[in-house]
Amino acid sequence: MPEETILSDEFVRELINVGEVDILVGVPTHNDARTVGQVVQAVRAGLLKYFPRARSVIINADGGSRDGTRELVCAASINDTTTSDLSALRTLHSISTQYEGNPANGTALRTILAAADLLQAKACAVVSPESASLEPEWIERLLGPVIRESADLVLPVYVRHKFDGLLIRNLVYPVTRAVFGCSVREPYPSDYAFSSALGSHFLNQEIWSQEQGRHGTELWLTLAAIIGSYKISQSFLGAKSRLESSPSDLVKAMRETAGLLFCSMDCYPAAWREVREPLPVPCNGCQPTVSLEPMRVNRKRLYQMFTFGVAQLEPVFLSILSSPTHDELKRVTTLPEEDFMFPDQLWARTVYEFAVAYHRAVIGRDHIVQALVPIFRGRALTFVTQNREAGEEAIEKGIEAVCDTFEREKPYLLQLWDGGK
Amino acid sequence: MPISQDGLWYKDAVIYQLHVRSFYDSSGDGNGDFRGLAQKLDYLQDLGINTIWLMPFFPSPLRDDGYDIADYRTVNPIYGTLEDFKNFLDAAHKRNLRVIMEMVLNHTSDQHPWFQESRSSRSNPRRDWYVWSDTDTRYKGTRIIFLDTELSNWAWDPVSKQYYWHRFFSHQPDLNWDNPQLREEMWDVMKFWLNMGVDAFRLDAVPYLVEREGTNCENLPETHEVIKDVRARMDREFPGRMLLAEANQWPADLRAYFANGDEFHMAFHFPLMPRMFMGVKLEDRKPITEILKQTPEIPDSCQWCLFLRNHDELTLEMVTDMERDYMYDEYAKEKGMRLNLGIRRRLAPLLDNDRRRIELMNGMLMSMPGTPIIYYGDEIGMGDNINLGDRNGVRTPMQWDGGWNGGFSTADPEMLYSPLMLNPVYGYQAINVTSHKRFDHSLLAWMKRLIKIRKATPVFGRGSIQFLFPANHRVLAYVRKLGSETILVVNNLSSSAQAVELDLKPFKGNILVEMFGKNVFPRIGDLPYLLTMGPYQFYWFKLRRL
């Protein structure tokens with residue numbers, strides 16, 4: 001059997017024409033024609049404005065779009081046969097390839113990593129095709145620390161609505177900070193940058209045939225950087241606008257976040273067990289990150305889904321949770337909606353016990369991850385209720401308190417991990 | 001007498017630019033002279049060039065390397081006599097070498113008798129031969145060219161108590177081309193040299209001849225009228241002679257100097273030169289193809305003049321601010337390398353003495369549409385001395401051998417008009433004609449070969465150009481065509497090996513014959529033609545349908 005190749009022959013031919021580059025900007029897409037043109041134009045403007053002398057390329061890894069996404073990306077090329085409104089010293093290639101298989105961000109990232117490796121890109125950024133608010137400055141803020149300060153991974157810091165990114169604020173950020181000892185606000189980024197060293201290291205990981213190589217790969221990249229002691233930095237990007245889209249699939253999101261965190265803890269225990277204090281990660285140009293516009297959240301529905309889900313999965317929880325935690329969870333489910341409160345400590349212990357159950361594979365691991373979904377709804381309801389009237393400072397304080405709780409409970413995690421229940 | 005009757009001879013020319021003062025000193029006084037130059041004509045003939053462009057050799061206080069002329073009708077005594085010049089001219093013609101000389105129409109030295117008379121009183125008959133004013137506020141919209149030294153285009157004359165106009169140094173007052181007597185006098189000057197047999201004039205600083213209020217005083221219609229008049233007189237009385245324009249302008253503005261083929265025969269393509277350097281440093285053909293895309297068509301009888309380096313700074317007037325910054329950072333890291341809006345360095349030091357890049361740049365120079373100029377000493381890779389003032393660092397004595405004064409002069413070294421290059425890399429002991437002649441693969445030997453191949457076909461001088469745009473932007477490829485003869489040129493601007501696929505479908509069936517080694521490459525078929533190229537490599541292929 002010939003060994004599997006990542007890049008198509010046609011794409012390799014195009015990369016040969018691009019040649020060695022200093023900067024590669026990757027844009028993973030799948031039917032993103034609504035926004036990708038605008039995003040790529042901003043990337044192009046950012047490259048020309050902030051890195052006019054760098055050899056740069058924009059690479060689109062597409063999952064089989066049928067809406068003209070790829071053509072929009074290619075139209076951003078600046079060369080000697082096209083006329084551009086922006087003056088450029090160099091040719092700026094903008095090329096597109098369709099990767100094999102079903103649309104998956106991980107596969108797109110692997111294609112981008114392989115291209116960056118082949119072109120020996122010194123710095124690589126990946127931007128989301130949905131980042132309609134992307135400004136040319138983002139390119140500088142993402143790539144600048146890699147180029148100027150030798151950062152290996154630059155993660156974004158966005159201004160988010162106070163009820164946006166609940167899973168990140170309540171689970172991914174606290175666990176990354178408390179367990180892995182790395183205080184980054186967006187461990188699961190959609191706009192980020194990395195060095196050639198980290199890119200090559202990540203490309204050579206044995207994950208690409210596994211789930212984390214297809215979905216949630218960006219979080220895995222962050223964890224790989226933390227575990228590998230790569231230099232991490234954060235850059236403030238501003239508001240992250242999102243397209244109006246169908247409600248996100250929480251089970252899928254849980255697999256891509258909690259699933260990957262648990263998997264990483266399981267695979268690399270030595271990397272996190274000894275971590276005592278989380279290391280602060282520098283943030284370039286950081287500003288307040290919370291916006292407070294009114295937003296309607298259907299708390300009643302959240303409450304119902306929480307109580308219903310927890311009741312439904314009662315037998316599953318018996319095999320995952322310790323008795324005290326299980327009892328406390330049951331107590332919480334009996335609270336009326338108006339008095340509902342899912343405490344920080346219960347949430348931290350629940351997450352840790354799920355991690356241990358995942359480690360021990362007490363039941364199917366995917367079932368464990370899915371079972372966390374209804375409990376998270378309860379935690380999310382509490383966050384929304386507590387912060388309904390809260391201002392920016394109070395929200396930050398609340399998030400800080402959750403992280404502190406996760407840190408305080410880490411010995412509990414270690415104790416469980418080592419055999420106690 | 002002119003040596004050939006072909007009126008378009010300048011299209012096939014390979015020009016060698018030199019200072020008489022810098023080339024060879026026959027008298028032992030420390031300055032090159034015409035007798036010395038005549039002795040070195042065999043060298044130039046052997047190099048393969050067929051036209052010599054002489055820098056100004058008129059009597060002059062030499063405050064601007066001879067561009068400050070004090071007498072238009074004779075030779076500066078330090079270079080010899082008028083008779084010496086005539087002997088040199090005849091000797092050159094005997095070797096089929098044509099001679100282009102400088103003619104500075106725009107200004108004279110302030111030591112020129114005309115200016116001395118003009119300033120002597122406001123009623124002097126020659127008062128109006130220069131541009132005088134009671135105020136220094138006229139022609140406000142006119143830029144200052146020598147930014148490093150001049151604060152205004154007007155200078156106060158304490159003798160006649162008026163301001164005089166000067167576009168260059170204040171010791172170079174501009175002539176007033178609105179004056180009919182001045183015009184006739186200047187034509188008489190030109191006739192003086194044309195009657196002697198000079199083949200062409202390089203007209204210095206032509207855009208600035210005439211001034212008009214409310215304009216930028218450059219490229220004015222009245223200036224074009226002056227040129228048209230000179231050209232008409234020359235065609236009528238001296239057919240086959242040539243006018244070359246020095247006009248540092250954008251191609252679109254330069255186009256007007258060709259008019260309908262009734263102004264200049266040739267003009268320097270100033271914006272191309274820095275972009276060739278930029279293209280090689282960026283490893284990207286974009287700057288080169290972009291400027292050539294902006295270059296307008298010119299009449300059939302006209303021609304661009306191309307050069308890599310010359311006696312002036314590598315001018316960066318015709319580039320954007322971003323491009324200028326880039327050029328400074330890459331090619332003039334030391335402040336002393338910069339002058340005005342340019343870089344005062346020679347070819348070899350600019351290219352880090354990298355033989356491959358020197359060859360590539362010369363290969364492009366010889367294969368692009370136009371007539372190439374080689375600056376003296378660049379054929380052996382001479383260096384520069386940025387410690388000398390102004391542009392004197394690129395005007396040091398020619399290095400003939402490793403002996404006394406580099407073979408340039410028998411004078412005591414301290415008598416030389418300029419210090420010799422002495423450093424271990426570019427010094428005359430290391431870089432000289434004799435040492436280059438010892439090896440078949442020296443730069444000099446290679447240049448001879450390049451010129452020979454260029455001259456073996458009229459395609460490079462007279463043919464059309466069509467750019468190919470292979471997806472690999474590091475490769476600059478074009479097809480030169482004249483009648484049934486077709487040449488494919490492929491240049492790798494990159495410091496690393498490159499693969500390139502060329503779309504040669506229109507030439508399907510042709511065999512490629514590499515012009516240096518005469519080796520045959522595969523026939524062009526339906527598929528893109530794949531070439532692999534070494535760092536900075538270039539190919540010239542003759543397409544043969546056999």
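The values are calculated or read from the model by the stated rules, or taken from the named source; none is laboratory data. Here the structure is a predicted model, which means the values were calculated and not measured. No Cβ is skipped: glycine too gets one built from the backbone with ideal geometry, and neighbour counts run over all protein chains shown.
Some notes on this structure:
- Residue match in segment B:132-144 (condition: part of a helix (DSSP H, G or I) and outside the structural domain of B:Leu82 (by TED's automatic domain parsing)): no
- Of all residues making up segment B:456-487, the number that are among the aliphatic types (A, V, I, L, M), more than 16 Å from B:Thr532 (Cβ to Cβ) and more than 11 Å from every other protein chain (Cβ to nearest Cβ): 6
- Within the span defined as segment B:39-61, every residue fails to be basic (Lys, Arg) and in contact with a Ser or Thr (Cβ under 9 Å, 6 or more places away or on another chain).
- In segment A:130-141, the residues that are touching a residue at least 12 places away in the same chain (Cβ under 8 Å) and at negative phi form Cβ pairs under 7 Å with partners that are among the basic types (Lys, Arg) and part of a helix (DSSP H, G or I), at six or more places apart or across chains, as follows: A:Pro136/A:Lys49.
- Checking each residue in segment B:254-304 for being more than 10 Å from every other protein chain (Cβ to nearest Cβ), more than 20 Å from the chain's Cα centre (by Cα), of a type in the set (S, T, N, Q) and more than 18 Å from B:Thr223 (Cβ to Cβ) picks out only B:Gln294.
- Hits in segment A:379-403 (condition: assigned to a helix (DSSP H, G or I) and touching a residue at least 60 places away in the same chain (Cβ under 8 Å)): A:Arg379, A:Ala380, A:Leu381, A:Phe383, A:Val384, A:Thr385, A:Glu392, A:Ile395, A:Glu396, A:Ile399, A:Val402, A:Cys403
- For B:Glu117, the conditions (1) touching a Cys at 6+ places or on another chain (Cβ under 7 Å); (2) outside any loop (DSSP other than H, G, I, E, B) are fulfilled apart from (1).
- Flag for A:Ile232 being surrounded by fewer than 24 Cβ atoms within 10 Å (Cβ to Cβ), over 12 Å from A:Arg110 (Cβ atoms) and either in contact with a strand residue (DSSP E or B) (Cβ under 6 Å, 6 or more places away or on another chain) or at pLDDT below 95 (or both): yes
- The set of residues in segment B:1-22 that are in contact with a helix residue (DSSP H, G or I) (Cβ under 7 Å, 6 or more places away or on another chain) and within 24 Å of B:Ala205 (Cβ to Cβ) comprises B:Tyr16, B:Val20, B:Arg21.
- In summary, B:Ala38 fulfils each of the numbered conditions (1) farther than 27 Å from B:Val459 by Cα; (2) in contact with a Gly (Cβ under 6 Å, 6 or more places away or on another chain) with the single exception of condition (2).
- As for segment A:229-236, it holds no residue that is free of Cβ contacts under 8 Å to residues at least 24 places away in the same chain, in a helix (DSSP H, G or I) and either in the same structural domain as A:Asp32 (by TED's automatic domain parsing) or within 23 Å of A:Gly364 (Cα to Cα) (or both).
- Of the criteria (1) part of a loop (DSSP other than H, G, I, E, B); (2) of a type outside the set (Phe, Trp, Tyr); (3) over 30 Å from A:Asn79 (Cα atoms), which one B:Asn472 fails: (3)
- The listed residue being in contact with a helix residue (DSSP H, G or I) (Cβ under 6 Å, 6 or more places away or on another chain), hydrophobic (A, V, I, L, M, F, W, C) and either within 14 Å of another protein chain (Cβ to nearest Cβ) or under 30 Å from B:Arg324 (Cβ atoms) (or both), out of A:Leu24, A:Leu48, A:Leu72: A:Leu24
- Hits in segment B:486-533 - residues which are in contact with a helix residue (DSSP H, G or I) (Cβ under 8 Å, 6 or more places away or on another chain) and not in a strand (DSSP E or B): B:Leu493, B:Met515, B:Phe516, B:Ile524, B:Asp526
- Pairing each residue of segment A:237-261 that is of a type outside the set (Phe, Trp, Tyr) with any residue that is in a helix (DSSP H, G or I) and at pLDDT below 90, provided the two are 6+ apart or on different chains, yields C-beta distances under 6 Å for A:Leu260/A:Gln212.
- Some residue of segment B:417-427 being assigned to a loop (DSSP other than H, G, I, E, B), closer than 23 Å to B:Lys335 by Cα and touching a strand residue (DSSP E or B) at 6+ places or on another chain (Cβ under 9 Å): no
- Candidate set from segment A:193-215 (those that are under 20 Å from A:Glu130 (Cα atoms) and surrounded by fewer than 24 Cβ atoms within 10 Å (Cβ to Cβ)); member that is farthest from the chain's Cα centre (by Cα): A:Arg214
- Residues being of a type in the set (Ser, Thr, Tyr) and over 21 Å from B:Trp404 (Cα atoms) - total across segment B:15-71: 4
For every residue, the table says whether it meets (1) buried (at least 20 other Cβ atoms within 10 Å of the Cβ); (2) within 18 Å of B:Ile15 (Cβ to Cβ).
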{"position": "B:Glu211", "(1), (2)": "yes, no"}
{"position": "B:Pro221", "(1), (2)": "no, no"}
{"position": "B:Met234", "(1), (2)": "yes, no"}
{"position": "B:Met242", "(1), (2)": "yes, yes"}
{"position": "B:Ala252", "(1), (2)": "no, no"}
{"position": "B:Asn260", "(1), (2)": "no, no"}
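- Hey, A:Val351 more than 21 Å from A:Glu277 (Cα to Cα) and not assigned by TED's automatic domain parsing to the domain that holds A:Arg177 or not: no
- The set of residues in segment A:197-221 being in contact (Cβ under 8 Å) with a residue 60 or more places away in the chain, touching an Asp or Glu at 6+ places or on another chain (Cβ under 8 Å) and either more than 24 Å from A:Leu24 (Cα to Cα) or in a helix (DSSP H, G or I) (or both) consists of A:Gly199, A:Ser200, A:Leu203.
- Members of segment B:328-345 found to be more than 10 Å from chain A (Cβ to nearest Cβ) and either surrounded by fewer than 18 Cβ atoms within 10 Å (Cβ to Cβ) or in a helix (DSSP H, G or I) (or both), listed by number: B:Tyr328, B:Tyr331, B:Lys333, B:Glu334, B:Lys335, B:Gly336, B:Met337
- Residue match in segment A:379-393 (condition: under 23 Å from A:Asp266 (Cβ atoms), of a type outside the set (Lys, Arg) and surrounded by 18 or more Cβ atoms within 10 Å (Cβ to Cβ)): no
- Residues in segment B:286-297 that are in a loop (DSSP other than H, G, I, E, B) and touching a Leu at 6+ places or on another chain (Cβ under 9 Å): B:Thr295, B:Pro296.
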